[in-house]
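Trainee: My questions will all concern the structure given below.
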Amino acid sequence: MTVESTAARTSRRSAGTKAGTTGTKRTTSTTKKATGAGKSAEPALVQLLTPEGKRVKNAEFDGYVDGITADDLRGLYRDMVLTRRFDAEATALQRQGELGLWASLLGQEAAQIGSGRALRDDDYVFPTYREHGVAWCRGVDPTNLLGMFRGVNNGGWDPNGNNFHLYTIVIGSQALHATGYAMGVTKDGADSAVIAYFGDGASSQGDVAEAFTFSAVYNAPVVFFCQNNQWAISEPTEKQSRVPLYQRAQGFGFPGVRVDGNDVLANLAVTKWALERARAGEGPTLVEAFTYRMGAHTTSDDPTRYRGDEERLAWEAKDPILRLRRYLEASNHADEGFFAELETESEALGKRVREAVRAMPDPDHFAIFENVYADGHALVDEERAQFAAYQASFADADGGK
């Protein structure tokens, strides 16, 4: 149990006051422990499933997963396995020159699938560029995610079709978009909620701080879901924040909670709790999913330059998929037939993704000049003409073919 989530049972105003007061004491205590050590002690986090696959009780959050069935558990496992398979295929496609870039989610499947499955259909999602698991939960075809990274479209799906916004490349800006949308939800009198995803690196951006301010002041029904994979691009979290990231919420007057990011059940439960707070008019919540990026930041990154194998191996032992498999097997909720069937489905998904990407048609070379201005513009017309001449030069060099 965390101090912040306990305080969240009260009203928004009192929650902020209590969390702030208690948080100050905790920070002081943590600082004392860290004196001379150079690193603060890690706070407790919400965990329902241990790395060994054992179910642990949590009086505050058990109620949010008490009704989960064996079918539900197998569904969560299937989600994570297929998401990882798709992600691995996308990484391979980039390495083979089929994609310009790819941001892998390897190791973060539980945070994304758990939180994604906590959402209602009428909730709205604002992702970054790594939320492939959340996109899966929202029904976005995986092949649509790849069009942007191949350079053949500007997103590939209708955001209003799945209440899943297009990927956001500008770091942290989606937190402001989510806050504004959530404020609109309140004005419309709807009871849906909004969730914004970002990473530990984005938590240092001014846009995120502004989103915290506006969401707190206007009591916006938004959940800020931070996937703390501990390395941003190449900077460790301790070089970005003096306190655990979830404690930042205290200064803005709303609750924060840290959850085991590799525990799909805990992420499901905590996100459900935060979304319920939002729908009930209790304002924003910051959820910090403490996890680990097992692979590179993107395919242009080499993580061996800034972190060691020992750390990576320690986190591989906490693998979110292996954790749930152990629980399924120990509880007799899945047999070898289920896992074999899923493996076949996984390979079929990889093949479908590969074939779909290679079959994507090249975009219209002149589409880049469309929709730059509402009306015509002389400079754009000039650039279009120059580009047309450049394209024609290839045909001329090839004998007009």
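The values are calculated or read from the model by the stated rules, or taken from the named source; none is laboratory data. A quick note: this is a predicted structure, and the numbers were derived from the prediction, not measured. No Cβ is skipped: glycine too gets one built from the backbone with ideal geometry, and neighbour counts run over all protein chains shown. Only protein heavy atoms, including side chains, enter the accessible area calculation; ligands, DNA and RNA are left aside. Shrake-Rupley method; radii C 1.70, N 1.55, O 1.52, S 1.80 Å.
Trainee: Which of A378, V357, A389 sits closest to the plus end of the dipole of region 347-390, meaning its Cα is farthest towards the positive end, when Lys and Arg get +1 and Asp and Glu get -1 on the C-beta?
Mentor: My answer, from the dipole projection, is V357.
Trainee: Hey, how many Å between the Cα centroid of region 352-387 and the Cα centroid of region 204-274?
Mentor: Centre-to-centre (Cα) distance: 38 Å.
Trainee: Of all accessible surface on the chain at a 1.4 Å probe, what whole percent is carbon and sulfur?
Mentor: 51
Trainee: Shifting gears a bit: Using a 1.4 angstrom probe, figure out how much accessible area region 297-361 has per residue, in square angstrom, rounded to the nearest whole.
Mentor: Normalised by residue count, the accessible surface of region 297-361 is 60 Å².
Trainee: Express the accessible area of region 113-201 per residue in Å², computed with a 1.4 Å probe while the remaining protein chains stay in the model. Write out the running numbers ahead of the final one.
Mentor: Numbers: 3130 Å² over 89 residues.
Accessible area per residue: 35 Å².
Trainee: Same structure, new question: Treat every Asp and Glu Cβ in region 286-401 as -1 and every Lys and Arg Cβ as +1, leave all other atoms uncharged, and give the resulting dipole magnitude about the Cα centre to the nearest 20 debye.
Mentor: With only Lys, Arg, Asp and Glu charged at Cβ, the dipole is about 360 debye.
Trainee: Can you tell me the FRET efficiency between D141 and I68 if r is taken as the Cβ-Cβ distance and R0 is 22 Å, rounded to the nearest 0.05?
Mentor: 0.25
Trainee: Apply the a/c threshold of 1.5 to the C-alpha gyration tensor of region 50-187 and tell me whether it is rounded, prolate or oblate.
Mentor: Details: a/c = 2.15, a/b = 1.24, b/c = 1.73.
Oblate shape, in that a/c is at least 1.5 and b/c is the bigger or equal ratio.
Trainee: Springs between alpha-carbon pairs under 10 angstrom, Gaussian network model over the chain: which of A178, A92, A340 fluctuates most?
Mentor: Per the Cα network of the chain with a 10 Å cutoff, A340 tops the list.
Trainee: Let me ask something additional. Set Lys and Arg Cβ to +1 and Asp and Glu Cβ to -1, take the dipole of the chain about its Cα centre, and tell me which of G107, L76, G281 lies farthest positive.
Mentor: Sorting the options by dipole projection puts first G281.
Trainee: Can you find, among G172, Q94, M148, the residue farthest towards the positive end of the dipole of the chain? Put +1 on the C-beta of Lys and Arg, -1 on that of Asp and Glu.
Mentor: Result: G172.
Trainee: For the chain, modelled as a Gaussian network with Cα springs under 10 Å, which listed residue fluctuates most, A289, A118, A378?
Mentor: So, out of A289, A118, A378, the one fluctuating most is A378.
Trainee: Among T179, T128, T69, whose mean-square fluctuation peaks in a Gaussian network model of the chain (Cα, cutoff 10 Å)?
Mentor: The residue that fluctuates most here is T69.
Trainee: Using unit Cβ charges (K, R positive; D, E negative) and no other charged atoms, how large, in debye to the nearest 20, is the dipole of region 71-176 about its Cα centre?
Mentor: Numbers: 10 positive and 13 negative charges, 60 e Å.
With Lys and Arg at +1 and Asp and Glu at -1, about 280 debye.
Trainee: I've got another one for you. Length gain on complete extension for the stretch H365 to Q96, per 0.36 nm per residue less the alpha carbon to alpha carbon distance?
Mentor: Extra length available between H365 and Q96 comes to 94.5 nm.
Trainee: Then there's this: What distance in nm lies between label points placed 7 Å from Cα along the C-beta direction at A388 and D309?
Mentor: About 5.8 nm, to one decimal.
Trainee: Distance from the Cα centre of region 179-199 to that of region 101-140, in angstrom?
Mentor: One Cα centre to the other: 17 Å.
Trainee: Moving to a separate point now. Restricting the count to DSSP beta bridges whose residues both fall in the chain, what percent are antiparallel, rounded to a multiple of 5?
Mentor: Percent antiparallel among DSSP bridges in the chain is about 5.
Trainee: Divide by every residue of the chain the summed helix terms, -39500 (n - 2.57) for each DSSP H run of at least 4, and state the resulting mean residue ellipticity at 222 nm, rounded to the nearest 500 deg cm²/dmol.
Mentor: -15000 deg cm²/dmol
Trainee: A further question follows. Work out the FRET efficiency for D335 and K54 from their Cβ-Cβ distance, taking R0 = 22 Å, and round it to the nearest 0.05.
Mentor: 0.65
Trainee: Any idea what the dipole of the chain comes to, in debye rounded to 20, about its Cα centre with Lys/Arg Cβ at +1 and Asp/Glu Cβ at -1?
Mentor: Value, rounded to 20: 1880 debye.
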